[in-house]
Amino acid sequence: MTEMTGYLRPDGKVGVRNHVLVLATVSCVNGVIQRISREVPEAVCVPHAFGCGRGGPRDLQILFRILSGMVYHPNVGAVVLIGLGCEVSNTKNLSPLIKDCGKPLEILNVQECGSLKTAQKGAEAAHRLLTAVKTQPRVPISWDQLLVAMECGGSDAMSGVTANPAMGAVSDWIVEKGGTVIFGENTEMIGTDHVLARRAKDEQVAERIVQMVNRADKLAHDIMGNMAGLVISPGNMDGGMSTIAEKSMGCIFKGGSTTINQVVDYGDPPTERGLILQDGPGYDGDSMAGLAASGAQVMFFSTGRGTPAGFPILPVIKVASNSRIYETMKDDMDVNAGTLGEGKSREEIREEMIDLLTRVVNGQKTKAEVNGMDVFTFMTVHPPF
Amino acid sequence: MNDNVLMIHSRDNVAVALRNLAPGEEAKGKGVAGFKVFNEIPASHKIALRDLGPGEEIVKYGEVVAVTTREIKRGEWVHTHNLESKRWKK
């Protein structure tokens, strides 16, 4: 097996990338982030739609957890934080949460010098930090230092037949090597809570699983009313799925079949190893941010209809569920799981995926990284006011 | 290369059609052989790997995903017309 390397962080975690992150604290400064991005294309610039206008305790918790999670993320070597001044998640409010991140951190506020000067100073800081992080060497790392996320989106009828079982085989392999695997999407667990609970490490984890799935089920009914049945839609049925349990099995199978050691809240880092569930939403964009904030360094993402979505600071490995979409979207897809059933065994495709994962950990860019298909959005409970 | 069905888990009693299947053709996949397709089965739909009695559990992914509502023959199409959810009855 090829040796793996990564970047050792002061908190003991390891990164598989050494990004300079230029992060907005609020949507009002997105133009500044975009200017910096044009000046310093090598920096990972993240504008977004959040940071103010929401006030409930749960939304505040998520906002601060995701933004600080981005700063703390082990794939990030240095940070330029661009604030406005009067927003909810302003740099003053964020500071106590990120001051111990142990990495170079430069903070600028638009209300102190205007947008153009902030962009100029931000670009200079990003250049400076890029030079600084390039001197940091890669060191040998092992599987037990990796948290690998499993995600699915833009699924088709074959996602649960080829791509997710292939990812499940990878999940089992990683767990056996001492690594950690995490997946979320609680809406896509509806109907399989008993299966997941049976695999829980203990009573408490089992109870937490049932609670999480029941809440997702109730939420679907509260929001969609009589349409909640569309969680399994006519389209799903046309694709051959007959029950919600069958559909959800196809989804949870991407996490493999090992013991579930912990359920973490949306964006919370796990404290256990092995297989972890995240209590997060089914929408893939929101889910990715939660998994990243939990500290996942790399992600597998299955798709059958075909989505190019990646995530700013994570290498996202795209797994096509069928050969047609693999060919159609070849520039976006990293693995063709459609070859399963076209002569390739699950063991062969698992080996291929682990080999690719190893190379991606060691620095090989995924298609989404090469193409810059970054998506950054996260869950909110209430609408803005 | 000539597989036309895929069995996901070794405990399963159904497999998934990899393309549209016609009655009379041989069902072939890893761990699947020796019987013919009974009726038309659309791609990505389920095919019974053995005879199933009424009320019998349908196992896919190694887990119970539904129960049959009537007898299903080996090679037959398995879908909403001959099964129901175990927890949410029709």
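The values are calculated or read from the model by the stated rules, or taken from the named source; none is laboratory data. Here the structure is a predicted model, which is why all the values come from computation and not from measurement. FYI the Cβ positions are ideal-geometry reconstructions off the backbone, even for glycines, and counts take in every protein chain you see. To get the accessible areas, we keep the full protein, side chains included, count just its heavy atoms, and leave off ligands, DNA and RNA. Shrake-Rupley method; radii C 1.70, N 1.55, O 1.52, S 1.80 Å.
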task: Output the antiparallel fraction of DSSP beta bridges having both residues in chain A, as a percent to the nearest 5.
output: 10
- prompt: Taking the Cα centre of chain B as the origin and placing charges on Cβ (Lys, Arg +1; Asp, Glu -1), which of B:Ala15, B:Phe35, B:Gly75 is farthest toward the positive end of the dipole?
  reply: B:Ala15
The range A:190-263 pair-distance distribution - Cα-Cα, 10 Å bins, rounded %: 20, 45, 29, 7
- prompt: Counting only residues 5 or more places away or on other chains, whose amide H sits under 5 Å from the amide H of B:Val14 once H atoms are built in the peptide plane?
  reply: B:Leu49, B:Val59
- prompt: Relative to a virtual label point 7 Å from the Cα of A:Glu176 in the Cα→beta-carbon direction, which members of the range A:253-291 show backbone nitrogen distances below 15 Å?
  reply: A:256-259, A:275
- prompt: Using a Gaussian network model of chain A with C-alpha springs under 10 Å, which one of A:Ser115, A:Ser345, A:Ser323 is most mobile by mean-square fluctuation?
  reply: A:Ser345
message: Could you tell me the relative contact order of the range A:274-330? Use alpha-carbon pairs under 8 Å, at least six residues apart, and round to a whole percent.
response: 29
field: Centre separation in Å (Cα based) which lies between the range A:153-204 and the range B:28-46
entry: 26
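Obtain the radius of gyration and the Kirkwood radius of the range A:40-197 from its C-alpha atoms and give Rg over Rh. Working shown, then result.
Details: Rg = 20.0 Å, Rh = 19.1 Å.
Ratio of gyration radius to Kirkwood radius: 1.05.
Using a 1.4 angstrom probe on the protein heavy atoms only, could you order A:Arg346, A:Arg324 from most to least accessible area?
Numbers: A:Arg346 60, A:Arg324 155 Å².
Ranking A:Arg346, A:Arg324 by accessible area, largest first, yields A:Arg324, A:Arg346.
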task: Using a Gaussian network model of chain A whose springs link C-alpha atoms within less than 10 Å, name the residue from A:Val205, A:Val170, A:Val14 with the highest mean-square fluctuation.
output: A:Val205
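Longer than 30 Å from Cα to Cα, which of A:Lys13/B:Lys30; A:Lys99/A:Lys367; A:Lys103/A:Lys367 are they? Say none if no pair is.
Details: A:Lys13/B:Lys30 41 Å; A:Lys99/A:Lys367 34 Å; A:Lys103/A:Lys367 28 Å.
Too far apart for the 30 Å limit: A:Lys13/B:Lys30; A:Lys99/A:Lys367.
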query: So how compact is chain B: Cα radius of gyration and Dmax in angstrom?
result: 12.1, 40
task: Could you run the Debye sum over the Cα atoms of chain A, one equal point scatterer each and no solvent, and tell me log10 of I(q)/I(0) at q = 0.06 Å⁻¹, two decimals?
output: -0.22
field: About the Cα centre, charge dipole magnitude for the protein assembly as shown (Lys/Arg +1, Asp/Glu -1 at Cβ), debye
entry: 440
statement: The farthest towards the positive end of the charge dipole of chain A, of the residues A:Ser171, A:Val110, A:Ile62, given +1 on Cβ of Lys and Arg and -1 on Cβ of Asp and Glu, is A:Val110
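Can you give the Rg to Rh ratio of the range A:306-362, both from alpha-carbon atoms, with Rh computed by the Kirkwood formula? Present the calculation step by step, with values, prior to reporting the outcome.
Numbers: Rg = 11.7 Å, Rh = 11.9 Å.
Reported Rg/Rh, Kirkwood definition of Rh: 0.98.
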field: Cα-centre dipole for chain B with unit charges at Cβ (Lys and Arg positive, Asp and Glu negative), debye to 20
entry: 200
message: Tell me which chymotrypsin sites (Phe, Trp or Tyr not before Pro) from the range A:281-350 have a DSSP coil assignment and no more than 16 other beta carbons within 10 Å of their own.
response: A:Tyr283
